[in-house]
1. Of the conditions (1) open to solvent by 90 Å² or more (accessible area, probe 1.4 Å); (2) of a type in the set (Val, Ile, Thr); (3) more than 12 Å from the chain's Cα centre (by Cα), residue 18 clears all except one; give me its number.
2. Picking from 29, 7, 35, which residue would you name as being open to solvent by less than 70 Å² (accessible area, probe 1.4 Å) and among the hydrophobic types (A, V, I, L, M, F, W, C)?
3. List pairs: first in the range 3-26 and under 18 Å from residue 45 (Cβ atoms) and touching a residue at least 40 places away in the same chain (Cβ under 8 Å), second of a type in the set (D, E, K, R) and not in a helix (DSSP H, G or I), Cβ under 7 Å, 6+ apart or cross-chain?
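The values are calculated or read from the model by the stated rules, or taken from the named source; none is laboratory data. Predicted model, so just to flag it, every value in this text is computed and none were measured. Using ideal geometry, Cβ is built from the backbone for each residue, glycine included, and neighbour counts are taken over all protein chains shown. The accessibility values were calculated without ligands, DNA or RNA, using every heavy atom of the protein model including side chains. Shrake-Rupley method; radii C 1.70, N 1.55, O 1.52, S 1.80 Å.
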Amino acid sequence: MRYLFTFIWSFLLAQMLTYVVSSMNGSSFSLSTGFILSIIFTVLVFVLGAIIPNEPNREESAH
């Protein structure tokens, strides 16, 4: 379920980003660009989530 919601949120945010940037550049809006960006965002979120450790360091927990 978290994969689905992560993709939905990244899809919505990528579409907003694509719309704003294309409006500022004066070019046409492209749905496929936002879709590709949302896939990249989703993959990056899960890669970063796998890299960052969940438990604190022993030094942090001692204080």
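1. (1)
2. Values: 29 fails: open to solvent by less than 70 Å² (accessible area, probe 1.4 Å); 35 fails: open to solvent by less than 70 Å² (accessible area, probe 1.4 Å).
Within the list 29, 7, 35, the selection yields 7.
3. Between residues of the range 3-26 that are under 18 Å from residue 45 (Cβ atoms) and touching a residue at least 40 places away in the same chain (Cβ under 8 Å) and residues that are of a type in the set (D, E, K, R) and not in a helix (DSSP H, G or I), there is no close pair.
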